[in-house]
Structure formats: C-alpha cells, structure tokens
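For reference, the structure is listed below as structure tokens.
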Amino acid sequence: MKLNLMAPINQLGYGIAGLNIFKALQQEGVDVSLFVIGQPQVTSQEDADLVRNGLEKAQLFDPKAPCVKIWHQNQMAEFVGKGKHIGFPIFELDKFNEVELHHLKSCDRLFVCSKWARDVMYEQLGVTGHTVDVIPLGVDVNIFKPSPPCNNQGTIFFNCGKWEIRKGHDILAGAFKEHLKTHPTSQLWMMCSNPFISEEEENRWLQLYSHPNIKIIPRAETQKDVYNTMSQVDCGVFPSRGEGWNLEVIEMMSAGKHIITTDYSAHTEFCNSENSFLIPIESVEPAFDGKWFFNQGNWGKINPVNITEKMNLVAETLSENSVNRAGIETANKFTWQNSARKIIEYVRI
C-alpha cells in the first residue's frame, strides 16, 4: 500500500504525532512518501534516517495514492496528488468558523482523534456526505515504560504543556496553593515553556507560579527527557478546558503514574474513573483568552475547588508504592501501531 503523508516533524504536539504515525505506518509495511510541513526536527540519528528516506520517496511519489494531512483545520487546501484527500485536524473547541468549515468540506474524508471530535464534526458539517473516522493518537510504550514508585517526601504533582489559559494554567497555581494548606509537603512541577509567547508573557506565568513548593522545569529536548521527569513524580494534573488529545496524559498513564484531568473533550476517549481522578465539567463557557481564542466556540467550565479536592484525594489515599495499573492497561491499547492500523483500515475502504 502506498500513501502520501503531509505532517510536521518536531517535538511539539502535531510534530510528535506526525513523526510517530509516519514511523508506525512504515512498520506496518506502508510505502510512505513524506511531505514535511515546516522544517523537520528530530532528536536521534535513527529518526533522521527514516525521515530522510521518506523525503527521498516523496521525490517520485505516487500521484494516485491517497494523501493524509495532519494539520490545522483552516489549512486543508493543499494536498499531494490525485488520490483521496484525507484531512486529519486536531482541535479543541466545539465550533468551526467559516474558513475552517470551507477547508474541512473540501476534503474527501476526515480523520479525528476522538468520538467527541467526530460528534463536533458531524454537528458542524451537517449532512455533506463526508465520512469522519476516529483515529486515536498513541504513546510510545518503549519510551514511556512503567517506572518504579518514587517514595517521595510528600506528593509530587506534574503538569506538562505550553503555558495557556486553555490548559488551565491560570487556575492550577491557586488550586495547588489551596491544597498546600492541608498538605504542606506536596510539590508541583511545571514543564510549560511556550515558544509562541513573548518573554514578558512567559515572565507573567513564572511570577504566578513563584512558590517554594513549585518547581519550574525547562522544556525537555526529547521524549526520553520527558519520561525521565515523569518517572520522578507521583501524579499528573491536567485541568485543561479543552483538548484535541493531550499526549502527556497518555504518556504518564503508560509510565504508571496517576492522573487528575478534566472529564471533557478528547480526554473522554481514554480517561475514565478507573484510570483517572476526573474533574467534572458541569457546563461549558465561551472560549476566550485574548491570545489564541476569541469566543469562536466553547470549552469546559472548571471550578478550581474541584482541582484542589482531587489533589487532596490523591495525597490522602494513594500509598507511596501505588501504580496506576489501569492507566498502563489503557496505554497499551493506545499505541502508535494501533493508530497506524486504523489509518490503513480506513484508507483502504
């Protein structure tokens, strides 16, 4: 089977998905011609060789092969070849604007990460004859292996993801400080540097999280570096108002770490009461942060009290040797190989 794949290749969310899906498709025997969006950035010689091979194949690509494009929903105009044009956007809100709808409707087929996203697609696109298939993203279980218990002094919570109001970073600091009133030995580690904001904006976030019990960690260079940090903590806390997937949650599950996260959007594809401490979302609110979102759609409305309650529950009920076995089982079902096999299945229809 031949396939043209358009995707970024780097250490950001879209780029990690693009690289891992590209590698998994090759492992499944697909002849992939790779068209990189932006400049490719890899962290190992093995990945560099694989990407170079995919780029070389793209020079003599099959114009009749289907093309899958992993990218934003407002940039689905350009595809490769004459085969089926399959858009694979990853989005966080429940509403598209006119440009996004126009681009999505131009595709022959659409892939999304979750049933939540599929429902949004069908509601927004209406009866157009489009087929929308769910292709869950994955985790590299060879990197994010179950790690030994940490035996930390107090509970160490961890958040990873670029500084954003959407990620709940505006309320997590206050929720954690409230938690400290009854659990003064807990810590919160933040790996949240955002390459898309100004130095002034970055400093405002750092000031908000300035506290003796909060540790700011520089952005990791590789997935192995991310795992090395995750292996040292007890619980991930991700109070996100809306997600297209959230790679870090499934990565922490794979490492056997406990999870606090919102019961909303793409999280609902793989987070449940058995593998996560779920923050309830009783209603939605207009998505506005004055930076990236301007009331186009809605995201989950979060009560910070619920974040503190879940942190208290983790600190009080989990033993030092506790492992999230349900999370490990979940992660084993959401590998990049499974993502690739789903793509192959649906492309062949």
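The values are calculated or read from the model by the stated rules, or taken from the named source; none is laboratory data. Computed from a prediction, not measured in an experiment: that's the story for all the values here. Because the Cβ atoms are built from the backbone with ideal geometry, glycine has one as well, and the counts that use them run over all protein chains shown. Only protein heavy atoms, including side chains, enter the accessible area calculation; ligands, DNA and RNA are left aside. Shrake-Rupley method; radii C 1.70, N 1.55, O 1.52, S 1.80 Å.
Name the residues in region 11-40 that are on the phi < 0 side of the Ramachandran plot and of a type in the set (Gly, Ala, Ser), would you?
Pass one, region 11-40, residues on the phi < 0 side of the Ramachandran plot: 11-28, 30-37, 39-40.
Across region 11-40, the qualifying residues are Gly13, Gly15, Ala17, Gly18, Ala24, Ser33.
If you check Gly168, Gly87, Gly138, Gly154, which single one turns out to be of a type in the set (Gly, Ala, Ser) and more than 30 Å from Asp225 (Cβ to Cβ)?
Residue meeting the stated conditions: Gly87.
If Phe88 passes every condition in (1) open to solvent by less than 30 Å² (accessible area, probe 1.4 Å); (2) within 23 Å of the chain's Cα centre (by Cα); (3) over 23 Å from Gly244 (Cα atoms) but one, which one does it miss?
Result: Phe88 passes all but (3).
Just the residues that are in a loop (DSSP other than H, G, I, E, B) and open to solvent by 40 Å² or more (accessible area, probe 1.4 Å), please, taken from region 194-223. Please lay out each step first, then the result.
From region 194-223, those in a loop (DSSP other than H, G, I, E, B) are 194-198, 209-213, 217-222; that's our starting set.
If the condition is that a residue be in a loop (DSSP other than H, G, I, E, B) and open to solvent by 40 Å² or more (accessible area, probe 1.4 Å), then Pro195, Phe196, Ser198, Ser210, His211, Pro212, Pro218, Arg219, Glu221 are the ones that fit.
Just for region 177-193: of the residues that are touching a residue at least 60 places away in the same chain (Cβ under 8 Å) and open to solvent by 40 Å² or more (accessible area, probe 1.4 Å), which one is farthest from the chain's Cα centre (by Cα)?
Here the residue is Thr182.
Regarding Ile135, is this residue surrounded by 21 or more Cβ atoms within 10 Å (Cβ to Cβ), over 17 Å from the mean Cα position of the chain (by Cα) and in contact (Cβ under 8 Å) with a residue 40 or more places away in the chain? Working first, answer last.
Working: surrounded by 21 or more Cβ atoms within 10 Å (Cβ to Cβ): yes; over 17 Å from the mean Cα position of the chain (by Cα): no; in contact (Cβ under 8 Å) with a residue 40 or more places away in the chain: yes.
Judged against the criteria, Ile135 is not a match.
Working only within region 330-349, note down all residues that are open to solvent by 30 Å² or more (accessible area, probe 1.4 Å) and out of contact with any helix residue (DSSP H, G or I) (no Cβ under 9 Å at 6 or more places or on another chain).
Correct list: Lys333, Lys342, Glu345, Tyr346, Arg348, Ile349.
Name the strands (runs of 3 or more DSSP E) wholly inside region 233-317 in which the number of residues that are open to solvent by less than 30 Å² (accessible area, probe 1.4 Å), closer than 19 Å to Ser186 by Cβ and polar (S, T, N, Q) is 1 or more.
Values: elements: 235-238, 258-262, 277-279, 284-288, 294-300.
Strands (runs of 3 or more DSSP E) meeting the threshold: 258-262.
What is the residue count in region 1-16 for residues that are open to solvent by less than 40 Å² (accessible area, probe 1.4 Å) and either of a type in the set (A, V, I, L, M) or not in a helix (DSSP H, G or I) (or both)?
Residues in region 1-16 being open to solvent by less than 40 Å² (accessible area, probe 1.4 Å) and either of a type in the set (A, V, I, L, M) or not in a helix (DSSP H, G or I) (or both): 9 in total.
Please find, within region 17-39, the residue that is surrounded by the fewest Cβ atoms within 10 Å (Cβ to Cβ) out of those that are part of a strand (DSSP E or B) and β-branched (Val, Ile, Thr). Lay out the reasoning, then the answer.
Looking only at region 17-39, we keep the residues that are part of a strand (DSSP E or B), and these are 31-36.
So of that shortlist, the ones also β-branched (Val, Ile, Thr) come out as 32, 36.
Working: Val32: 26, Val36: 21.
Ranking the candidates gives Val36 first.
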